[in-house]
Amino acid sequence: MTNLHDTIQQLRAELTSYAISHRERAQIERELQRVIEVLARKSATDREAPA
């Protein structure tokens, strides 16, 4: 999960850059959303009680 957290932080940092185009910003935002969804699914799976 640490890699996912690192990726999220990196993408958020990229979004603060003034040197990116609107297209790049949109791509980074889509990737950030995708990684957040992956992390949420993984967290939900980890919280499930073992059978």
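The values are calculated or read from the model by the stated rules, or taken from the named source; none is laboratory data. Just so you know, these numbers come straight off a predicted model, no measurement behind them. With ideal geometry, Cβ positions are generated from the backbone for all residues, glycine too; neighbour counts draw on all protein chains shown. Note: areas computed on protein heavy atoms with side chains; ligands, DNA, RNA excluded. Shrake-Rupley method; radii C 1.70, N 1.55, O 1.52, S 1.80 Å.
Determine the gain in length on full extension of the stretch Leu4-Ala26; use 0.36 nm per residue of separation and subtract their C-alpha separation, reporting nm with one decimal. Can you show the working numbers first?
Working: separation 22, 0.36 × 22 = 7.92 nm, distance 1.95 nm.
Length gained between Leu4 and Ala26: 6.0 nm.
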Relative to the first principal axis of the alpha-carbon coordinates of the chain, what is the inclination of helix 2-15, with its axis defined by its Cα atoms, in degrees from 0 to 90 and to the nearest 10? 20
Taking all protein chains as present, what is the carbon and sulfur share of the accessible area of the chain, in % to the nearest whole number, probe 1.4 Å? 52
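Accessible area per residue, 1.4 Å probe, Å², for the chain: what's the number? It would help to have the intermediate numbers written out before the result.
Values: 4290 Å² over 51 residues.
Here the per-residue accessible area is 84 Å².
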Rank by packing, highest mean first: peptides 8-21, 27-40, with packing defined as the count of other Cβ atoms within 10 Å averaged across residues. 27-40, 8-21
Between Arg34 and Glu48, with labels modelled 7 Å along Cα→Cβ, what's the label distance in nm to one decimal, could you check? 2.4
